[in-house]
Amino acid sequence: MPEIVVMKFGGTSVADAERIKRAAKRIVEKREAGYSVVAVLSARGKTTDELIEMAEEVSSSPDPREMDMLLSTGERISCALCAMAINDLGHRAISLTGSQAGIVTDTSHTKARILDVRADRVRAALEQDHIVLVAGFQGVSTTDDVTTLGRGGSDTTAVAVAAAVGARECEIYTDVAGVFSADPRIVPDARKLPTVSFEEMLEMAASGAGVLQLRSVEYARNEGVRIHCRSSFEDAPGTVVLSEGETLEQPLITAVTHSTAEARVTLIGVPDEPGAAARIFDALAEANVNVDMIAQNVPTSAGGKAEISFTMPREDLRVATAALEAMGESVCERMATQSEMGKVSIVGAGMRSHPGVAAKVFSVLASEGINIEMISTSPIKISCVIARDRVERAVQALHGAFELSGPGTVGVEEPFKARTG
Ligand code: ADP
Ligand code: ASP
Ligand code: MG
């Protein structure tokens, strides 16, 4: 059988009939170049957002199992339509749901993890010379329910399928030309990175660079899948994610990332005793809340009581507060929540051996009058929680101060501006 390539098209790249036909054409060209092709598609345009709104119109806390039944339909529509378009181009295509494609997940509805990919059916279809379209972002749980993989999950479907069928490369076609030194929506002269290491890409994805879902990068690193993130509107090469030794360059700072979807909970009057934090974070883990930063202090005036703050994606705030309230007074005396938080981070492998980067970040933010509310670091990342409405300015100021624009800078393209989803 020919070498296999997995091609993933994001929501903007299949947003309307014209774009589905364009994706179909690109898939067929790959087939005609001699590869076996599996294409993983996302829901069209803003479909997933619209489905979430539909659920919220009928329920204040939609049942997660039913949510997955609903959300998984978006990517099925894209795949069926694209299969029709490919058939019209004279090739044989077959669309498969996540379940039909053998994507087996755990039972955590709306953020399930892939446990296994039983790719027999995909392989058999490829052997029969079909182009296989797999609905992204979904799977079937170990208890036979439809699950979804969290926002941006089609990237992970693509990487998982690529690993399972031994693909040569997993191409992620999207509405930007690759991975940039900052979100080109906020920094129009951000630089396209020809290569980026797994380590840096993991930190970037974890700190908000939504261009690749975090789990897709983890999966690719663990399974040795080569990711090539590129534009679905032009042919130029994009960004290849590689292991650290293979990357072309190792600048001090690689990228500035951000998130405007953070929330913070502060627990006031937490008993200052062993086990208090364990109780709190066990309950949050049980509720499947993705806790990000944690800070604890024991104010001298608070009579032996501690204060614990933590951040999480805003979408987890409701579940987090409900889980803590259910534990009653053993947790804390009072709880304060802030839903309008943001985060700005800088990522770069060169930071490991260069002191003074954190100091520079803090002074750049200070010179913009931006208050830092929480800080966390890793050997190659510094993150600051700040007010949501200051994020854009913070990203631009840091990108400028670390001189990240440079040769190879690509402006915002026309199709990118026309993005719909
Ligand atoms: P798709 O629908 O193709 O999966 P996404 O919206 O999930 O596309 O991801 C692409 C978007 O990621 C871009 O439109 C861009 O605004 C955003 N983005 C954020 N940070 C970065 C970055 N560092 N490099 C490139 N794109 C980024
Ligand atoms: N359609 C899903 C989302 O909007 C999954 C994806 O696009 O990767 O998050
Ligand atoms: Mg995406």
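The values are calculated or read from the model by the stated rules, or taken from the named source; none is laboratory data. If you're wondering where the values come from, they're calculated on a predicted model, not measured in any experiment. The accessibility values were calculated without ligands, DNA or RNA, using every heavy atom of the protein model including side chains. Shrake-Rupley method; radii C 1.70, N 1.55, O 1.52, S 1.80 Å.
For the residues Val165, Val58, a 1.4 Å probe over the protein chains yields an accessible-area ranking, largest first, of Val58, Val165. Note on region 1-66: the alpha carbon radius of gyration divided by the globular reference 2.2 N^0.38 Å gives 1.52. Helical runs assigned H by DSSP (4 residues or longer) give the chain a calculated mean residue ellipticity at 222 nm of -10000 deg cm²/dmol, each run adding -39500 (n - 2.57) before division by the residue total. When DSSP beta bridges are restricted to pairs lying wholly in the chain, around 60% turn out antiparallel. When the alpha carbon gyration tensor of region 1-153 is reduced to an equivalent ellipsoid, the three semi-axes, largest first, read 27, 19, 10 Å. Across Thr311, Thr142, the residue with the most accessible area heads the list, and the full order at a 1.4 Å probe is Thr142, Thr311.
Over region 77-137, the hull volume per residue, using the convex hull of the C-alpha atoms, is 61 Å³. If you bin all the Cα-Cα distances of the chain at 10 Å, starting from zero, the percentages per bin are 5, 21, 29, 26, 14, 4, 1, 0. Computed from the alpha carbon positions, the gyration tensor of region 148-282 leads to an equivalent ellipsoid with semi-axes of 31, 19, 15 Å, biggest first.
Share of pairwise Cα-Cα distances greater than 22 Å in region 259-350 is 28 percent (whole percent). Taking the Kirkwood radius as Rh and the Cα radius of gyration as Rg, region 301-404 has a ratio of Rg/Rh equal to 1.06.
A straight Cα-to-Cα reach below 29 Å connects Lys46 with the lysines Lys8, Lys21, Lys25, Lys30, Lys111, Lys192, Lys343, Lys417, residues fewer than 8 places away in its own chain not being considered.
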